[in-house]
1. Can we say residue 46 is touching a residue at least 12 places away in the same chain (Cβ under 8 Å), surrounded by fewer than 19 Cβ atoms within 10 Å (Cβ to Cβ) and part of a loop (DSSP other than H, G, I, E, B)?
2. Which residues, taken from the range 36-58, are touching a helix residue (DSSP H, G or I) at 6+ places or on another chain (Cβ under 7 Å) and at pLDDT 95 or above?
3. For the range 59-95, what are the residues that are out of contact with any helix residue (DSSP H, G or I) (no Cβ under 8 Å at 6 or more places or on another chain), surrounded by 12 or more Cβ atoms within 10 Å (Cβ to Cβ) and without any contact (Cβ under 8 Å) to a residue 24 or more places away in the chain?
4. Among the residues of the range 22-34, is any surrounded by 20 or more Cβ atoms within 10 Å (Cβ to Cβ), modelled with pLDDT of 95 or more and not in a helix (DSSP H, G or I)?
5. Could you tell me which numbered condition residue 52 fails, if it satisfies all but one of (1) touching a residue at least 24 places away in the same chain (Cβ under 8 Å); (2) within 23 Å of residue 95 (Cβ to Cβ); (3) assigned to a loop (DSSP other than H, G, I, E, B)?
6. Would you mention how many residues in the range 55-91 are part of a loop (DSSP other than H, G, I, E, B) and under 15 Å from residue 2 (Cα atoms)?
7. Regarding residue 17, is this residue in a helix (DSSP H, G or I), on the phi < 0 side of the Ramachandran plot and loosely packed, with under 14 Cβ neighbours inside 10 Å?
8. Return yes or no: is residue 37 surrounded by 12 or more Cβ atoms within 10 Å (Cβ to Cβ), within 16 Å of residue 99 (Cα to Cα) and free of Cβ contacts under 8 Å to residues at least 60 places away in the same chain?
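The values are calculated or read from the model by the stated rules, or taken from the named source; none is laboratory data. Here the structure is a predicted model, which means the values were calculated and not measured. All Cβ positions, glycine included, derive from the backbone under ideal geometry; neighbour counts span all protein chains shown.
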């Protein structure tokens with residue numbers, strides 16, 4: 001089984017930060033739980049990268065606990081996470097973000 005090094009780009013860190021702020025308004029523990037589960041989902045790409053469908057030029061992994069999608073691509077032995085987007089958001093806005101990041 002191939003193992004990849006996973007790198008989270010600054011765009012994706014901003015997405016995670018924005019989502020955490022959203023959940024923090026609900027409850028602080030929920031925000032921490034969101035961040036921990038998303039980072040765990042991202043880390044799982046070290047073994048799962050490439051098994052997901054491509055959407056808008058990126059592989060897309062659906063987060064395990066929250067309605068978010070992790071958009072990534074593979075270059076040689078590295079996985080680069082480009083976006084972590086809310087699946088409930090306006091699709092046109094999400095598509096624009098992805099196109100801007102490609």
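1. Details: touching a residue at least 12 places away in the same chain (Cβ under 8 Å): yes; surrounded by fewer than 19 Cβ atoms within 10 Å (Cβ to Cβ): yes; part of a loop (DSSP other than H, G, I, E, B): no.
Considered against the rule, which asks whether it is touching a residue at least 12 places away in the same chain (Cβ under 8 Å), surrounded by fewer than 19 Cβ atoms within 10 Å (Cβ to Cβ) and part of a loop (DSSP other than H, G, I, E, B), residue 46 comes out as no.
2. Result: 38, 58.
3. Step one: filter the range 59-95 for residues out of contact with any helix residue (DSSP H, G or I) (no Cβ under 8 Å at 6 or more places or on another chain), giving 59-60, 62, 67, 69, 73-78, 80, 87-95.
Retained after the next criterion (residues that are surrounded by 12 or more Cβ atoms within 10 Å (Cβ to Cβ)): 59-60, 62, 69, 73-74, 78, 80, 87, 89, 94-95.
Answer for the range 59-95, where residues must be out of contact with any helix residue (DSSP H, G or I) (no Cβ under 8 Å at 6 or more places or on another chain), surrounded by 12 or more Cβ atoms within 10 Å (Cβ to Cβ) and without any contact (Cβ under 8 Å) to a residue 24 or more places away in the chain: 59, 60, 69, 73, 89, 94.
4. no
5. Condition not satisfied by residue 52: (1).
6. Residues that pass the stated criteria total 2.
7. Numbers: in a helix (DSSP H, G or I): yes; on the phi < 0 side of the Ramachandran plot: yes; loosely packed, with under 14 Cβ neighbours inside 10 Å: yes.
In short, yes.
8. Numbers: surrounded by 12 or more Cβ atoms within 10 Å (Cβ to Cβ): yes; within 16 Å of residue 99 (Cα to Cα): no; free of Cβ contacts under 8 Å to residues at least 60 places away in the same chain: yes.
Considered against the rule, which asks whether it is surrounded by 12 or more Cβ atoms within 10 Å (Cβ to Cβ), within 16 Å of residue 99 (Cα to Cα) and free of Cβ contacts under 8 Å to residues at least 60 places away in the same chain, residue 37 comes out as no.
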